[in-house]
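Comments concern the structure below.
The values are calculated or read from the model by the stated rules, or taken from the named source; none is laboratory data. This is a predicted model, so every value here is computed, not measured. Cβ atoms come from the backbone with ideal geometry, glycine included; neighbour counts cover every protein chain shown. SASA here: full protein model, heavy atoms, side chains in, ligands and nucleic acids out. Shrake-Rupley method; radii C 1.70, N 1.55, O 1.52, S 1.80 Å.
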Amino acid sequence: AARFQERGRQPMLLCRLHPAREVQQRMHTQLRQLGSTTEQNAALLQHCAAYDPQGAATRLEALLHAVRSDVLTRREAVALISEQPELLELDFGAVHEDEQLLLVHKPFQVRMSAPSRPAGADSPDEPSLHEWLVGTHPSVMTAAGTTRVCHNLDYATSGVVACAKSEGAAREVGRLFEARKARKLYAALVFGHPAWEERNISARIAVTARKFRQSVTKASSGKAARTTATVAARGRLVLPPHRGKEASLLWLTPHTGRRHQLRLHMAHIGHPIVGDVTYGADRRSYRMFLHAAALELPSAGLLGQGRAGADGGADGGADGGGSGCADDAWVRGVAPLAPRGWHNAFTPSEPLRSPAFWPGAVGELLGSGSGSQGALKEIRAADR
């Protein structure tokens, strides 16, 4: 599964709006092409029925392409669907919308935008956040046909992404990220049981645009990077490839935004993220368990985009601890861990704990709660 994920984040077909019967027939054909038996086919179709049919067909086409490219064998592909059917989920969605911003959920193993293909290339179209936005939220499109996506998430990472409905709002969000006034909380499932409850990691990162893989360095030329990791619970994995292995659910707060920062820092301290091929050598999980669970932006500058002098509207302290906004003057987006709070992958052996700066995190992200309002108010005080 991970070879398919890593070797290039192989192109995948984004199904258009076919009638349900046509999509079902497509999945029948795809499963036959994978070489599953009649009995396996019936069981696999039951797995597919638990998910959006268009999304499941898209994921199946990705597996077929991986098989044709010798990234997976047919047996491995069938086993992957049978043992980890959650791979079939493709859950784009909006988590917050107002007149200036759209906050959306990007699924795992989905690009921000699909690369152009050479003429005659033997590969299907690849689903991307850009294409989903074009088809569902034209308000974030520019006249040139691009989308105003304000920041990046790795291909393998799921979670909240901010998009802007105007050039002014896009500039303001970019400024907030550059000034480190955007508040972010990630959830990560890592191997092992940390001996600590909370830890600050400040290992420098040797950033290079020439290679996909980044590295931690002690050299002063490395970029400063800081992450706070808090243990939510220790327990064991229930994913078939790793069933019974020690693992922990962590809350991660990045205070800088280096490429692959969270993945590098977790591997550096001996607790690589489950499903991370590059830094954890996990080639058996159906996904990388890193999720951008919540994002908060001060809204003063955003609300003032239509007024003169709006560029200074979100001015705050040098430490990024606040912007002078009232607690309710923040744009917040929350994306609960899916499916089922990752209970399909992890069983805690101790009570789940929310981070001190967000007492309601367990309820909103792992339980039934899914609202975003008021979620991250305490983060600002914790960062001061």
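The table below gives the values:
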{"item": "Unmet requirement for residue 293, which otherwise passes all of (1) under 20 Å from the mean Cα position of the chain (by Cα); (2) at pLDDT 95 or above; (3) within 17 Å of residue 191 (Cβ to Cβ)", "result": "(3)"}
{"item": "Qualifying residue in the range 39-46 (condition: surrounded by fewer than 14 Cβ atoms within 10 Å (Cβ to Cβ) and within 27 Å of the chain's Cα centre (by Cα))", "result": "yes"}
{"item": "Whichever residue in the range 1-38 is of a type in the set (A, V, I, L, M) and loosely packed, with under 13 Cβ neighbours inside 10 Å and, among such residues, is modelled with the lowest pLDDT", "result": "17"}
{"item": "Leading residue by the ranking (farthest from residue 150 (Cα to Cα)) among those in the range 80-106 that are open to solvent by 40 Å² or more (accessible area, probe 1.4 Å) and out of contact with any Phe, Trp or Tyr (no Cβ under 9 Å at 6 or more places or on another chain)", "result": "82"}
{"item": "Residue in the range 212-227 that is touching a helix residue (DSSP H, G or I) at 6+ places or on another chain (Cβ under 8 Å), assigned to a loop (DSSP other than H, G, I, E, B), open to solvent by 30 Å² or more (accessible area, probe 1.4 Å) and modelled with pLDDT under 95 present", "result": "yes"}
{"item": "Boolean, residue 94 is in a strand (DSSP E or B), under 25 Å from residue 336 (Cβ atoms) and small (Gly, Ala, Ser)", "result": "yes"}
{"item": "Of all residues making up the range 125-160, the number that are in a loop (DSSP other than H, G, I, E, B) and farther than 21 Å from residue 90 by Cα", "result": "7"}
{"item": "Residue count, the range 237-280 (criterion: more than 18 Å from residue 203 (Cα to Cα), free of Cβ contacts under 8 Å to residues at least 60 places away in the same chain and among the small types (Gly, Ala, Ser))", "result": "2"}
{"item": "Number of positions in the range 59-77 that are open to solvent by 10 Å² or more (accessible area, probe 1.4 Å), among the β-branched types (Val, Ile, Thr) and touching a residue at least 12 places away in the same chain (Cβ under 8 Å)", "result": "1"}
{"item": "Subset of the range 194-211 that is crowded, with 16+ Cβ neighbours inside 10 Å and not in a strand (DSSP E or B) - its residue that is nearest to the chain's Cα centre (by Cα)", "result": "207"}
{"item": "Only listed residue being polar (S, T, N, Q) and either in contact with a helix residue (DSSP H, G or I) (Cβ under 8 Å, 6 or more places away or on another chain) or in a loop (DSSP other than H, G, I, E, B) (or both), chosen from 285, 248", "result": "285"}
